[in-house]
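Notes for the one structure printed next.
The values are calculated or read from the model by the stated rules, or taken from the named source; none is laboratory data. Values in this document were obtained by computation on a predicted structure and should not be read as measured data. Cβ sites come from the backbone with ideal geometry, for glycine too, and all protein chains shown count toward neighbours.
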Amino acid sequence: MRLASLFSALALGLAACGPTQTTTTPTAVTVPAIYQARVDQGPDGNPIDIPAVRAAYLTERNQRQRVPYNGTEAPGTIVVDPYARVLYDVLEGGEAMRFGVAVGRAGTGFEGSGVIALKRRWPSWTPTQNMINTSPELYAQFARGVAGGADNPLGSRALYLYRGGKDTYYRIHGTMDPSSIGKATSAGCIRLFQQDIMDLFDETEIGTNVKVRSPAESLAMEGRMIETPEGYVVPANDAAALQVQAAPAAGAVTTTTTVASAPTTTITTSPVESAVR
């Protein structure tokens, strides 16, 4: 803007008339079409509005994008990296579609391979007995389950991971809290923006292979990650640009900030949703 104003002043012969004043116009952030509002058919057959994702939640790592992929998994495989907080849908030609995810504690409690054995639109959800026993004030009211719908913590779609014919209780699903994507949560598995899980659901067939990376595999494939003050993770090499100072890492993710305090883990707690299983 400053150069443009200067050139305009020169064209008018006003360059010697004093300082040039410039006006900065805020740049409007456009939400990509894939994250615009949608209307979906709910479990009762009635329409359910899927709100557009706010631009503030669409960070570079959170947005769905086609990227180079250097893993060994075959095209058609879903690769989950809970530590880098991304999910890859592996494509042909050494590429993958990358999605940002939110990760709960259950999302780091499983690693290795499995298959998608079930798919559910607007799935129901029931807290486990252990959840009810541990936090009855939060989960007892939902002991009979929560029917699928706009307020269900599993969101609009869910993919169920099995291994050896048995349910692993590992879920790839939507969310009613889009602000959590890219962050750690108090519990739960792997959640995506509603628009992302809807499209991934349609493209995923029963029997699709899934690979969930271990901390060591994440470190080898993605490099060391650090957590920003906002709760997102970014490659350590990007830390300087984000004014985040990295500290020696004991695992795949290090949480550090420029504030002079001990490293802490940022947990985003979403009542009810935070405990999906």
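Structure values in brief
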| item | result |
| --- | --- |
| Odd one out for Tyr83, checked against (1) out of contact with any Ser or Thr (no Cβ under 8 Å at 6 or more places or on another chain); (2) farther than 16 Å from Leu159 by Cα | (1) |
| Conditions (1) modelled with pLDDT of 90 or more; (2) surrounded by fewer than 18 Cβ atoms within 10 Å (Cβ to Cβ); number of the one not met by Gln129 | (1) |
| Residue, modelled with the lowest pLDDT, within segment 53-82, restricted to residues that are in a loop (DSSP other than H, G, I, E, B) and acidic (Asp, Glu) | Glu60 |
| Those residues of segment 156-179 which are in a strand (DSSP E or B) and buried (at least 22 other Cβ atoms within 10 Å of the Cβ), in sequence order | Arg157, Ala158, Leu159, Leu161, Tyr170, Arg171, Ile172, His173 |
| Selection count, segment 144-168, where residues are aromatic (Phe, Trp, Tyr) and more than 22 Å from Tyr88 (Cβ to Cβ) | 0 |
| Residue in segment 167-180 that is of a type in the set (Phe, Trp, Tyr), more than 23 Å from Gly231 (Cβ to Cβ) and touching a Lys or Arg at 6+ places or on another chain (Cβ under 6 Å) present | yes |
| The one condition in (1) in a loop (DSSP other than H, G, I, E, B); (2) crowded, with 23+ Cβ neighbours inside 10 Å; (3) more than 10 Å from the chain's Cα centre (by Cα); (4) not aliphatic (A, V, I, L, M) that Gly182 fails to fulfil | (3) |
| Boolean, Leu138 is closer than 29 Å to Tyr232 by Cβ, modelled with pLDDT under 95 and surrounded by 13 or more Cβ atoms within 10 Å (Cβ to Cβ) | yes |
| Selection count where residues are assigned to a loop (DSSP other than H, G, I, E, B), buried (at least 22 other Cβ atoms within 10 Å of the Cβ) and in contact (Cβ under 8 Å) with a residue 60 or more places away in the chain, scope segment 83-126 | 5 |
| Number of the exception - Ala140 against (1) touching a residue at least 24 places away in the same chain (Cβ under 8 Å); (2) in a helix (DSSP H, G or I) | (1) |
| Which numbered condition Leu58 misses (of (1) farther than 30 Å from Ser214 by Cβ; (2) of a type in the set (A, V, I, L, M); (3) in contact with a helix residue (DSSP H, G or I) (Cβ under 8 Å, 6 or more places away or on another chain)) | (1) |
| Residues (assigned to a loop (DSSP other than H, G, I, E, B), among the small types (Gly, Ala, Ser) and either buried (at least 18 other Cβ atoms within 10 Å of the Cβ) or touching a residue at least 40 places away in the same chain (Cβ under 8 Å) (or both)) located in segment 217-231 | Gly231 |
| Answer residue from segment 31-71, given it is basic (Lys, Arg) and in contact (Cβ under 8 Å) with a residue 40 or more places away in the chain and is nearest to Ser218 (Cα to Cα) among those | Arg61 |
